[in-house]
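Peer 1: Structure provided below as structure tokens; questions to follow.
The values are calculated or read from the model by the stated rules, or taken from the named source; none is laboratory data. Everything numeric in this text was worked out from a predicted model, so none of it was measured. Note that each Cβ is placed from the backbone with ideal geometry, even for glycine, and that neighbours are counted across all protein chains shown. Side chains included, ligands, DNA and RNA excluded: accessible areas come from the protein's heavy atoms. Shrake-Rupley method; radii C 1.70, N 1.55, O 1.52, S 1.80 Å.
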Amino acid sequence: MVVGESLLEKYLGKWDLTILGIGATMGVGVYVISGEVSRNYAGPGIILSFAIAAFASLLAGLCYAEFGSRVPKAGSAYVYCYVTIGEFMAFIIGWNLILEYAIGSASVAKGISNYIDAITGNTISKFMTELLPIHVSFLGAYADFMAFGIIFVITLGLAFGARESSRVSNIFTMVNVSLVVFVTVCGCMNANFDYWKIPAESVPDGYGKGGFLPYGIIGVIKGAGMCFFAFVGFDVIATAGEEAKDPKTSIPFAICVSLIVIFTSYFGISSALTLMVPYFDQDTVAPLPTAFHQIGWIIPQYIVTFGAIFGMFSCLYGAMFPLPRIIYALADDGLIFDIFSRIHPKYRTPFYGTLIAGLLTGTLSMLFSLNQLVSMLSIGTIMAYSIVAACVMILRFDVDDAEEDEVILRGSENNQISTLSRICNCSKLTEPTKFSSNLVTLLVTLYAILSTCMSLVISHFGDKVLQRDVLSVILLITPILGMILVMIIISRQPKSSKELSFKAPFNPWFPALSIMINIHLIIELDKATWIRFAIWVGIGLIIYFVYGRRHRKIQSQSQEILNE
């Protein structure tokens, strides 16, 4: 991690970052997930699902905001992990983020391709299935060169001028937001609140019990799990820290404002959809155009269809923007091939990293179907959220080297007291020491382990817990009590007095809650996702041990970076 003047162009203001975050996040959640969740998981209660997901995302966002103001470097969670807990875990996070951003971008490109195909009456997919069919079970039905071409165009824009392509993306994002307002207003004009209280006898078989929560609170929580992924993307703001004009203030501002705008948009869209059309009649592929078609508003149907394409282009730009920056950060530290760290002298972009990112993303979008791509999403991003939250907890209790000797001298008399008293900070130290700092690091690790145990019990024995099975209840209560005890001990430790331009509130409680929620989401992912994760990490480890460890630039300036 080299400290020095960045070669990347600093051109992003706080509103540029905000629009970038909105554009990267507000895409598939609006145009696809809203129909899926309302029809099959939560019904009209989807607005509660989005509220829960928004709260979970806000917790992660506050942690990113604090770290983004601390360490305004390209690389986001990778850099944060590097300067806090070391190179190896940072590489794992960074390496997995590469695939996650690539899959996320490929999913959006595939969504655009599917929308265009739908407009043409599926003639494109029929033609390509006959011309270039793929007869492999784990790949798509045909080679989707349209999706590849869409990625290619965005890649060239990012490679040959991030500033110019950012302006185009800003226009697309404003179209996206305008479309959301349009749909919400139209939904209010056609609102039928009877659709929020449909009696059970009027509900088709397999679609719950009607009313506002047809699938119960469990359905709302399951829907929240899907809705959470609709908020993934705001971390692009932190990734762009090295290109921000005033990152210490603009990053926290952009993250908080973008999350508020995104939640408001999702709330409006989901309310409009479920008030225009009964939840069980929602379309899971293109819910917005279908809803307008069902109420007979043909012109708005076409406006929404074409507007959705512009909106998803904005989302695609935002999704692809961080990928070459992650690659650049890893290469700049010598952990992957050096060519990807080269900044183009004219365009001042990570040129070769952008091209390889486009090639990877385009290949994924060409070969896999949308469902296959979506099923592979999320584990790396959620893991990154958890690591960032843990790092924020650890750093808030970290000892300041400049003050450490003085603190130890003033507290030398405390060396004679018992270890238990030191753990509980019975002496009421107000400044952190090496002991308290290391203790917090250990306790945060223990908290993550206990959270994993709790989530495993909920995942595998949740029904038995609800049935008050004694053993299952004990298995659940034990890690919960351990987590509470750990958090009490952490909260008693002295915090760093370092002044920050932004601090995540209610530390350590909010970051801890973020870790707990993220770990539960990770546990709920399917086996195929874990297999994909293991294969990708295995490839990364080969590169790390064969190339990275021999060419790495030793991290010796972490504290300098944190104190900049």
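Peer 1: Run the helix sum for the chain: -39,500 (n - 2.57) per DSSP H stretch of 4+ residues, divided by residue count, reported at 222 nm to the nearest 500 deg cm²/dmol.
Peer 2: -22000 deg cm²/dmol
Peer 1: Taking amide H positions as placed in the peptide plane 1.01 Å from N, state which residues far from Tyr142 in sequence (5 or more) or on other chains have amide H under 5 Å from it.
Peer 2: HN-HN under 5 Å from Tyr142: Ile134.
Peer 1: Give me the compactness ratio for the range 436-517, meaning the Cα radius of gyration over 2.2 N^0.38 Å.
Peer 2: Working: Rg = 15.3 Å, N = 82, 2.2 N^0.38 = 11.7 Å.
For the range 436-517, the normalised Cα radius of gyration comes out at 1.30.
Peer 1: Would you mind checking the radius of gyration and Dmax of the chain based on alpha-carbon positions, in Å?
Peer 2: Considering the chain through its Cα atoms, Rg and Dmax are 24.4, 81 Å.
Peer 1: May I pose another question? What number comes out for accessible area per residue over the range 431-532 if the probe is 1.4 Å? Units Å², please.
Peer 2: 54 Å²
Peer 1: Take every Cα-Cα distance within the range 62-135, group them into 10 Å bins from 0 onward, and report for each bin the whole-number percent of pairs it holds.
Peer 2: 17, 28, 20, 15, 18, 2
Peer 1: Which whole-percent values make up P(r) of the range 107-240 when all C-alpha to C-alpha distances are grouped in 10 Å steps starting at zero?
Peer 2: 9, 21, 28, 29, 13, 1
Peer 1: Rounding to the nearest 20 debye, state how big the charge dipole of the range 117-259 is about its Cα centre with +1 on each Lys and Arg Cβ and -1 on each Asp and Glu Cβ.
Peer 2: 260 debye
Peer 1: Using mean Cβ contacts within 10 Å as the protection proxy, how do 331-340, 116-125 order, highest first?
Peer 2: 331-340, 116-125
Peer 1: Roughly speaking, to the nearest percent, how much of the chain's 1.4 Å accessible area is carbon and sulfur?
Peer 2: Numbers: 15810 of 23560 Å².
Reported share for carbon and sulfur atoms: 67 percent.
Peer 1: Relative contact order for the chain: what percent, with Cα pairs under 8 Å and sequence separation of 6 or more?
Peer 2: Numbers: 972 pairs, mean separation 165.9, N = 564.
RCO, the chain: 29 percent.
Peer 1: Oh, and also: Ranked highest first by average number of other Cβ atoms within 10 Å, how do 514-525, 435-446, 14-25 line up?
Peer 2: On the way: 514-525: 22.3, 435-446: 18.7, 14-25: 25.8.
Going by the mean number of other Cβ atoms within 10 Å, highest first, we get 14-25, 514-525, 435-446.
Peer 1: Which of the peptides 194-206, 447-459 is most tightly packed, and how do the rest follow, judged by the mean count of other Cβ atoms within 10 Å per residue?
Peer 2: 447-459, 194-206
Peer 1: What ³J(HN,Hα) values, in whole Hz, does the Karplus curve 6.51 cos²θ - 1.76 cosθ + 1.60 give for the range 246-258 when θ = phi - 60°, with x put for Gly and Pro?
Peer 2: Going residue by residue, I get 9, x, 5, 10, 6, 5, x, 4, 5, 5, 5, 5, 5 Hz, with x marking Gly and Pro.
Peer 1: May I pose another question? Enter the angle in degrees (range 0 to 90, nearest 10) between the Cα long axis of helix 401-410 and the first principal axis of the Cα atoms of the chain, meaning the one along which they spread out most.
Peer 2: Roughly 50 degrees between the two axes.
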